[in-house]
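Peer 1: One structure, pasted below without further comment.
The values are calculated or read from the model by the stated rules, or taken from the named source; none is laboratory data. Everything numeric in this text was worked out from a predicted model, so none of it was measured. Methodologically, a virtual Cβ is constructed for each residue, glycine included, from the backbone with ideal geometry; neighbour enumeration extends over all protein chains shown.
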Amino acid sequence: MFDTVAAGYDHPGSRWFDQTAQAVASAAALVDGEQALDVATGTGKVALALAGSAPGAQVVGADLSEGMLAQARRKAEAASLDNAEFVQSSFERLAFGERFDVVTCSFGIFFVQEMTEALRRFSAQAKEGGRIILSTFSLGSFSPLSDAFIRLYGEFGFEAAPRPWLRVGSAELLTGLYEQAGLGGARVVEHDFGFELRDENAWWEIVYNAGYRGMLEQLSEEQAPRFKKQHLSDVRERLAAQGGSRLDIRVLIAHAVK
């Protein structure tokens, strides 16, 4: 799925990714001479924010999707950030050793079933005293529009898996995950990255260019236009009913020291 959406993943409608990348880089406080690893780097937003924050540091971005990595490498070259490199790797194959001063994973850890084991693997790549930083969506983000999407998807005969970020969608759940991975004392800060949608089509651009793309591709040629028309009609009514077009997006950023 991520190879499929790679070309459109940096769509301006998904502006919270850029805002989160800057917030993660700020929390990381990377300095020249240090090394950072960004896991599930995608198109490299966090890795490039880290690289830009400390030109004398070295940053490695790792991701399973070659399509996403190709976008990350292109952006690094365009920005002349030669202190960032990108490698293909899954969570399970991370084997850098205790090399990094900072390890980050933005909107990625909730995609694996065994999150505790994944976080332990991230920590194993960090030096003693290294900073381990995760980001995820807070409970309620994208509602009620995402709820309407999921409900209609079910009415079309498809079963939607629970949204994975709900598993770590609160400060309590995130700090609990850190504790289970042997990383006590995690601090969690919530950021409000919500914004006004210009109309229901702006919501569709978000849906189509991000995580719901794989679900949309399950629809038949006959179902797809009908689903879109019905969903956007519902979204338009919901925006009118709530008296505004603000999309609620809140992001949690957690930080602990190994």
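Peer 1: Pull up the range 183-224, narrow it to residues that are over 20 Å from the mean Cα position of the chain (by Cα) and either of a type in the set (Ser, Thr, Tyr) or part of a helix (DSSP H, G or I) (or both), then point me to the one that is farthest from Arg238 (Cα to Cα).
Peer 2: It comes out as Ser220.
Peer 1: Next up: For residues in the range 78-114 being of a type in the set (Val, Ile, Thr) and touching a helix residue (DSSP H, G or I) at 6+ places or on another chain (Cβ under 6 Å), which is surrounded by the most Cβ atoms within 10 Å (Cβ to Cβ)?
Peer 2: Step one: filter the range 78-114 for residues of a type in the set (Val, Ile, Thr), giving 87, 102-104, 109, 112.
Retained after the next criterion (residues that are touching a helix residue (DSSP H, G or I) at 6+ places or on another chain (Cβ under 6 Å)): 102-104, 109, 112.
Working: Val102: 27, Val103: 29, Thr104: 32, Ile109: 25, Val112: 17.
For the range 78-114, the residue satisfying everything is Thr104.
Peer 1: Here is a further query. So Val189 ticks every box in (1) surrounded by fewer than 20 Cβ atoms within 10 Å (Cβ to Cβ); (2) without any contact (Cβ under 8 Å) to a residue 40 or more places away in the chain; (3) touching a helix residue (DSSP H, G or I) at 6+ places or on another chain (Cβ under 8 Å); (4) within 27 Å of Leu48 (Cα to Cα) but one. Which box is left unticked?
Peer 2: (2)
Peer 1: Let me ask you something else. Just one of (1) under 19 Å from Arg151 (Cα atoms); (2) without any contact (Cβ under 8 Å) to a residue 24 or more places away in the chain trips up Gly214, so point out which.
Peer 2: Among (1) under 19 Å from Arg151 (Cα atoms); (2) without any contact (Cβ under 8 Å) to a residue 24 or more places away in the chain, the lone unmet condition for Gly214 is (2).
Peer 1: Can I ask one more? Just to be sure, is Ala186 aliphatic (A, V, I, L, M) and either at pLDDT 95 or above or in contact with a Pro (Cβ under 9 Å, 6 or more places away or on another chain) (or both)?
Peer 2: In short, yes.
For every residue, the table says whether it meets (1) modelled with pLDDT of 95 or more; (2) surrounded by 15 or more Cβ atoms within 10 Å (Cβ to Cβ); (3) within 21 Å of Arg121 (Cα to Cα).
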{"position": "Phe137", "(1), (2), (3)": "yes, yes, no"}
{"position": "Ser143", "(1), (2), (3)": "no, no, no"}
{"position": "Leu174", "(1), (2), (3)": "yes, yes, yes"}
{"position": "Tyr178", "(1), (2), (3)": "yes, yes, yes"}
{"position": "Phe193", "(1), (2), (3)": "yes, yes, no"}
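Peer 1: Quickly run through the range 121-144 and pick out the residues that are under 17 Å from the mean Cα position of the chain (by Cα), within 16 Å of Thr104 (Cβ to Cβ) and polar (S, T, N, Q).
Peer 2: Result: Ser135, Thr136.
Peer 1: Let me ask something additional. It is to be established whether one or more residues within the range 224-237 are touching a strand residue (DSSP E or B) at 6+ places or on another chain (Cβ under 9 Å), farther than 21 Å from Trp16 by Cα and either in contact (Cβ under 8 Å) with a residue 40 or more places away in the chain or surrounded by fewer than 16 Cβ atoms within 10 Å (Cβ to Cβ) (or both).
Peer 2: Checking the range 224-237: not a single residue is touching a strand residue (DSSP E or B) at 6+ places or on another chain (Cβ under 9 Å), farther than 21 Å from Trp16 by Cα and either in contact (Cβ under 8 Å) with a residue 40 or more places away in the chain or surrounded by fewer than 16 Cβ atoms within 10 Å (Cβ to Cβ) (or both).
Peer 1: Another question, if that's okay. Hey, among the residues in the range 119-139 that are part of a helix (DSSP H, G or I) and in contact with a strand residue (DSSP E or B) (Cβ under 8 Å, 6 or more places away or on another chain), which one's nearest to Thr41 (Cα to Cα)?
Peer 2: The residue in question is Phe122.
Peer 1: If Ser170 passes every condition in (1) at pLDDT 95 or above; (2) touching a helix residue (DSSP H, G or I) at 6+ places or on another chain (Cβ under 8 Å) but one, which one does it miss?
Peer 2: Answer for Ser170: the failing condition is (2).
Peer 1: Which residues, taken from the range 174-185, are closer than 16 Å to Ser138 by Cα and in contact (Cβ under 8 Å) with a residue 12 or more places away in the chain?
Peer 2: Result: Leu174, Thr175, Leu177.
Peer 1: Quick check on my filter: what residues within the range 65-74 are without any contact (Cβ under 8 Å) to a residue 40 or more places away in the chain and either charged (D, E, K, R) or surrounded by fewer than 21 Cβ atoms within 10 Å (Cβ to Cβ) (or both)? Please lay out each step first, then the result.
Peer 2: Within the range 65-74, the subset without any contact (Cβ under 8 Å) to a residue 40 or more places away in the chain is 69, 72-74.
Result: Arg73, Arg74.
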